[in-house]
Every structure is written in structure tokens, then in C-alpha cells.
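Here's the structure, in C-alpha cells; my notes come after.
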Amino acid sequence: MTNRLELSGVIAKDPKRSQSLAGIPHCHFVLEHRSYQQEADLPRQVYCYINVVVSGQGQQVLTQDLAIGSHIKVGGFVSYHTGRNGIGKLVLHADHIEKI
């Protein structure tokens, strides 16, 4: 099955770095996307916030220069996460980040 998402936007919240109990480094941030898309032959303004996580020792090089306001293009897979408060959210697990 296919599960791949690419999205460009601006980092809306400062990246937060953490490490799992297993020693795996993670970088979490929020990406804000705004664009115009065609739907039913009409232009439509679209907007979204999506939580992004980058995990793994080799992937942290992708996040070292990221800061709030950075314009980036992110690619990866999406997964549903349930927070401590029981509220769920869609999270983009990035394996590709490109500054634009």
C-alpha cells in the first residue's frame, strides 16, 4: 500500500529535539502550508498545520539548520498518533527535508 506525502511550507513552531528511551533521536516541529489549488475547476485557498517528526541518527543532519520561519519541502509517510490527553492527530514522519 502507498503512504507518501510531500508538502511545502514554513516551520510554525520551533523544532524540539528529544531522545527516546531506546536512544533514538527525534526532532519535532509544526509545518504550516498555504497555497491555491484547483477543485471543481475553481481556485481554492488551502491551509493546514501538520506535526512533523524526523527520527534516527542519520536523519538529524536534515534538521540541524531548521528554525521557526524556515521555508522547507518535506517528504515522508503519515501516521495517526494519540497524545497523552487522548486526542489524536495526523503526524508526518519525514525522511526528506529540503530548504526552499
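Among the conditions (1) within 14 Å of the chain's Cα centre (by Cα); (2) more than 11 Å from His96 (Cα to Cα), Gln38 misses just one, which is (1). The condition of being open to solvent by less than 80 Å² (accessible area, probe 1.4 Å) and of a type in the set (S, T, N, Q) holds for Gln60. Tally the residues that are open to solvent by 100 Å² or more (accessible area, probe 1.4 Å), within 17 Å of Gly75 (Cα to Cα) and among the aromatic types (Phe, Trp, Tyr), restricting the search to the range 16-52. Count: 1. Beta carbons closer than 9 Å, at least 6 apart along the sequence or on distinct chains, pair a first residue in the range 74-100 that is open to solvent by 30 Å² or more (accessible area, probe 1.4 Å) and assigned to a strand (DSSP E or B) with a second that is among the acidic types (Asp, Glu) and modelled with pLDDT of 90 or more for Phe77/Asp95; His96/Glu6.
So for the range 84-91 (the condition being farther than 21 Å from Pro25 by Cβ and among the polar types (S, T, N, Q)), does at least one residue qualify? Yes - at least one qualifying residue is present in the range 84-91.
The values are calculated or read from the model by the stated rules, or taken from the named source; none is laboratory data. Fair warning: this is a prediction, and the values are worked out from it, not measured in the lab. Don't worry about glycine lacking a Cβ; one is built from the backbone with ideal geometry, like all the others, and counts go over all protein chains shown. Side chains are part of the model used for accessible areas, which takes the heavy atoms of the whole protein and leaves out ligands, DNA and RNA. Shrake-Rupley method; radii C 1.70, N 1.55, O 1.52, S 1.80 Å.
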